[in-house]
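Down below is the structure, laid out as structure tokens.
The values are calculated or read from the model by the stated rules, or taken from the named source; none is laboratory data. Bear in mind the structure is a predicted one, so any value in this text is a computation, not a measurement. Neighbour counts are summed over all protein chains in view; Cβ atoms, including those assigned to glycine, are modelled from backbone coordinates with ideal geometry. When the accessible area is computed, the model is the full protein with side chains, heavy atoms only, and any ligands, DNA or RNA have been set aside. Shrake-Rupley method; radii C 1.70, N 1.55, O 1.52, S 1.80 Å.
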Amino acid sequence: MRRKGLASMAVQTVATENTATSTTSGTSDPAATVDLGPASGLSCRECGTTFPLGPIFACAECFGPLEVAYDLPLGDPEALRARIEAGPANIWRYAPLLPVPADVADKPNLNPGWTKLVKADNLARELGVQQGKLFVKDDSGNPTHSFKDRVVAQALEAARAFGFTTLSCSSTGNLAGAVGAAAARAGFRSCVFIPHDLEQGKVVMAAVYGGELVGIEGNYDDVNRFCSELIGDPLGEGWGFVNVNLRPYYGEGSKTLAYEICEQLGWELPDQLVIPIASGSQLTKIDKGLKELIALGLVADKPYKIFGAQAEGCSPVSAAFKAGHDVVRPQKPNTIAKSLAIGNPADGPYVLDIARRTGGAVEDVNDEQVVDAIKLLARTEGIFAETAGGVTVGVTKKLVEAGLIDPSLTTVVLNTGDGLKTLDAVAETSQATATIKPSLEAFRSAGLAG
């Protein structure tokens, strides 16, 4: 097994054969009464040991990561497709495939999702991709302007089911804002933890919702370690950490990106996807979502390639891929793409597996290329991406030039957040063209008349 030394689970477990039961700190036998729809339990990705539904994230047998297992609605894909299409214009249209109760759409939630899939012909022309084949999945249209609203919405429903009263997270910025907003809407207390030196736009957005925002001296990995300690302490009693003890449910929100992309393509799989890598969870869950759609008969099975994108200043997965390694060696982040600055990505080994299995790759771009790509996407498609979007567009450009992305096949590039959150990245090179007196003569003299 490749994964060693995961943080302690803060649970007491008793295993019998290949099934384990758990009791969680701060809750009263949640597994006995929990209703999370088609979710049937938790399963270890490494050894296959199964657990009842509960706020645990690591296997008691091998310390491997847990993920949600399902009893999915197999049988009549046409009926399921019609049910989905008749659902609300948000992620709850896919409730039959998610760990949520059937009445989830009636609960106070931010209802994220169903964001635009933009046919990016202008960008395609710049990159040398065939017209009609390049799309940008623009998740900046979510309530707090990043894809994190999807995963937090899922975690919130698990927090409700398990009786938590405080919603928390470790965050590189976007997640902190998503947790603060979701908690405010649902009537939860929130307390979120961030590195002390985040972009000011993300700090303000996380703080404005009225919850507690705590800066930790250090990088994201330091913040995450602190949160793991807090879970095991009485101070963390009743706290649901969306990306730690609720991580198996939280991660399932990223599957909705796969569902939406395929539905928006007319219930077809894309041929190629370019996905940013922070922890790696988003990429792995998109792959899981695509495989589920195939298994359910909602899309025709065909090969697809998944490409991971990292910033050069924090590229442990890219480095491992290029070196042919199975183990991801941690790095100290140093990049403007702070939302991707996770030096020890939890799902890194699984990203390597998926990239290799699908015939994709993992690539990185430097900060200058990130800025150029942000401006390229804005100039060609009118989409102002945050730095993570600059990473995916920059990596797409690099992969096309290297011949690794086929320009004749349907390609979807993810933009996961709004550029207004990372203004510093482009502020220096994005200023007024000219400052003139209010007269036509001054306008002409400035050379702006056409």
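Taking Rh as the Kirkwood radius computed over C-alpha pairs, what is the Stokes-Einstein D of the chain at 37 °C in a medium of viscosity 0.692 mPa s, expressed in µm² per second?
Stokes-Einstein gives a translational diffusion coefficient of 147 µm²/s.
Accessible area of region 329-450 with a 1.4 Å probe: how many percent of it is carbon plus sulfur?
C and S fraction of accessible area: 52 percent.
With the other protein chains left in place, how much accessible area per residue, in square angstrom, belongs to region 383-450 at a 1.4 angstrom probe?
I get 52 Å² per residue for region 383-450.
Taking the solvent-accessible surface of protein heavy atoms with a 1.4 Å probe, what is the per residue accessible area of region 212-316 in Å²?
Heavy-atom SASA per residue in region 212-316 reads 29 Å².
Could you order the peptides 136-145, 149-158 from most to least packed, using the average number of other C-beta atoms within 10 Å per residue?
149-158, 136-145
Name the residues of region 170-199 whose amide N is less than 15 Å from a point 7 angstrom out from the Cα of L235 along the C-beta direction?
Under cut-off, by backbone N: 170, 191-194.
Relative to a virtual label point 7 Å from the Cα of D197 in the Cα→beta-carbon direction, which members of region 215-238 show backbone nitrogen distances below 12 Å?
217-220
What is the list of residues in region 36-50 whose amide nitrogen lies under 17 Å from a point 7 angstrom out from the Cα of A102, following Cα to Cβ?
36-40
Can you give the angle from 0 to 90° between the axis of helix 174-186 and the longest principal axis of the chain, with both taken from C-alpha atoms, to the nearest 10?
That helix lies at roughly 60 degrees to the long axis.
Springs between alpha-carbon atoms under 10 Å, Gaussian network over the chain: tell me which of A309, A183, A79 tops the mean-square fluctuations.
Greatest mean-square fluctuation among the candidates belongs to A79.
Most mobile of K133, K291, K107 per a Gaussian network model of the chain (Cα springs, under 10 Å)?
K107
In nm, what is the difference between 0.36 nm times the number of residues separating N366 and E428 and their Cα-Cα distance?
Result for the pair: 20.6 nm of gain on full extension.
Lysine pairs in region 278-358 with Cα distance under 16 Å, only those 8 or more apart or on different chains: how many are there?
So the count of such lysine pairs works out to 5.
Pop the C-beta distance of R83 and L448 into the FRET formula with R0 = 60 Å and round what comes out to the nearest 0.05.
Efficiency computed from Cβ-Cβ geometry: 0.65.
How big is the Cα convex hull of region 228-354 in projection, averaged over all directions, in nm²?
9.4
Volume per residue, Å³, of the convex hull around the alpha-carbon atoms of region 356-426?
Convex hull volume per residue, Cα atoms: 95 Å³.
For a protection proxy built on the mean count of beta-carbon atoms within 10 angstrom, sort 225-234, 412-421 highest first, please.
Packing order, densest peptide first, comes out as 412-421, 225-234.
Over 19 Å between C-alpha atoms is what I'm after, so list which of K133/K421; K375/K397; K119/K421 land there.
The pairs that break the limit, which is 19 Å between Cα atoms, are K133/K421; K119/K421.
In whole percent, what relative contact order does region 359-399 give with Cα contacts below 8 Å and a gap of six or more residues?
45
In deg cm²/dmol and to the nearest 500, what is the mean residue ellipticity at 222 nm of the chain if only DSSP H runs of at least 4 residues count, each as -39500 (n - 2.57), divided by the residue total?
The helix contribution divided over the chain gives -10000 deg cm²/dmol.
Could you compute how much accessible surface I261 exposes when probed at 1.4 Å, giving the result in Å² to the nearest 10?
My reading of the accessible area for I261 is about 0 Å².
Rank G75, G289, G238 by mean-square fluctuation in a GNM of the chain with C-alpha springs under 10 angstrom and give only the top-ranked residue.
The residue with the greatest mean-square fluctuation here is G75.
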